[in-house]
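**Q** Questions regarding the structure given below will be posed in turn.
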Amino acid sequence: MNQDRRLAVLRGASFLAKLDEATLSAIAVRARVQEFRANSRIVSELEFGADVYVISKGQAEVSVQSKSGGRQVLGQIGPGKTFGEMASLTGELRSATVRAVTPVE
C-alpha cells in the first residue's frame with residue numbers, strides 16, 4: 001500500500017480525520033499493513049495491546065465473553081472503522097475480541 005492510499009485510509013477513520021496533514025503523514029509513515037485470513041483472530045479480549053487498527057478492506061466481528069460463558073457478538077465493522085484505540089490510550093487490557101469475517105487488511 002503506497003503512502004497516498006495509507007493517508008486515504010487514515011482520513012477515512014472518524015477519530016483520525018480531524019488531524020492535520022502533517023500529523024496524518026507522520027502516522028502513515030509508521031503504519032504497518034497487516035492481512036488477516038477469514039475466521040482468524042486479530043485481537044483477543046483481556047490481552048495487552050497498544051496497537052490501533054484501521055480496517056481498509058474486509059469485515060470483522062467484535063465480541064465479548066458473556067457471564068454465562070458464551071460469546072456475545074456486539075457487531076461487525078468494516079472499512080474506515082477502527083479498534084484497539086481504548087487499550088492503546090488507557091494501557092488497560094483489550095475489552096473485546098475481534099475476528100476477521102472475511103479477509104481483512
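The values are calculated or read from the model by the stated rules, or taken from the named source; none is laboratory data. Predicted model only: the values in this text are computed from it and were never measured. Glycine also receives a Cβ, built like all others from the backbone with ideal geometry; neighbour counts cover every protein chain displayed. Please note that ligands, DNA and RNA were not included when accessible areas were found on the heavy atoms of the full protein model with its side chains. Shrake-Rupley method; radii C 1.70, N 1.55, O 1.52, S 1.80 Å.
**Q** Less than 13 Å Cβ to Cβ from residue 92, Lys/Arg counted +1 and Asp/Glu -1: what total charge do the surrounding residues give?
**A** Result for the local shell: -2.
**Q** With a 1.4 Å probe and all protein chains left in place, how much accessible area per residue does the stretch 1-104 have, in Å²?
**A** 63
**Q** With a point put 7 Å past each Cα toward its Cβ, work out how far residue 21 is from residue 88 in nm, to one decimal.
**A** A separation of 2.3 nm, rounded to one decimal place.
**Q** Here's a follow-up. Report the Rg/Rh value for the stretch 37-96, based on alpha-carbon coordinates and the Kirkwood definition of Rh.
**A** 0.96
**Q** Separate question: Would you rank 88, 95, 56 by solvent-accessible area, highest first, keeping every protein chain in place and using a 1.4 Å probe?
**A** 95, 88, 56
**Q** Just to be sure I understand the model, the point goes 7 Å from the Cα along the line to the Cβ. What's the resulting residue 30 to residue 76 distance in nm?
**A** 3.3
**Q** Under 21 Å from the Cα of residue 18, which lysines turn up, not counting those fewer than eight places away in the same chain?
**A** 81
**Q** A further question on this structure: Using θ = phi - 60° and the Karplus form 6.51 cos²θ - 1.76 cosθ + 1.60, what ³J(HN,Hα) does each residue of the stretch 28-41 get, whole Hz, x for Gly and Pro?
**A** Those phi angles translate into 4, 5, 8, 5, 10, 9, 10, 10, 10, 6, 4, 6, 8, 7 Hz.
**Q** Residues with amide H under 5 Å of residue 43's amide H, sequence separation 5 or more or different chain, H placed in the peptide plane at 1.01 Å from N; which?
**A** For residue 43, the qualifying residues are 98.
**Q** So what is the calculated 222 nm ellipticity per residue for the chain, using -39500 (n - 2.57) for each DSSP H run with n of 4 or more, over all residues, to the nearest 500 deg cm²/dmol?
**A** Rounded to the nearest 500, the figure is -6500 deg cm²/dmol.
**Q** Note the listed values (i) 16, 42, 31, 10, 1; (ii) 15, 44, 32, 7, 1; (iii) 15, 49, 31, 6, 0, then indicate which one is P(r) over Cα pairs in 10 Å bins from 0, in percent calculated from this particular structure.
**A** (ii)
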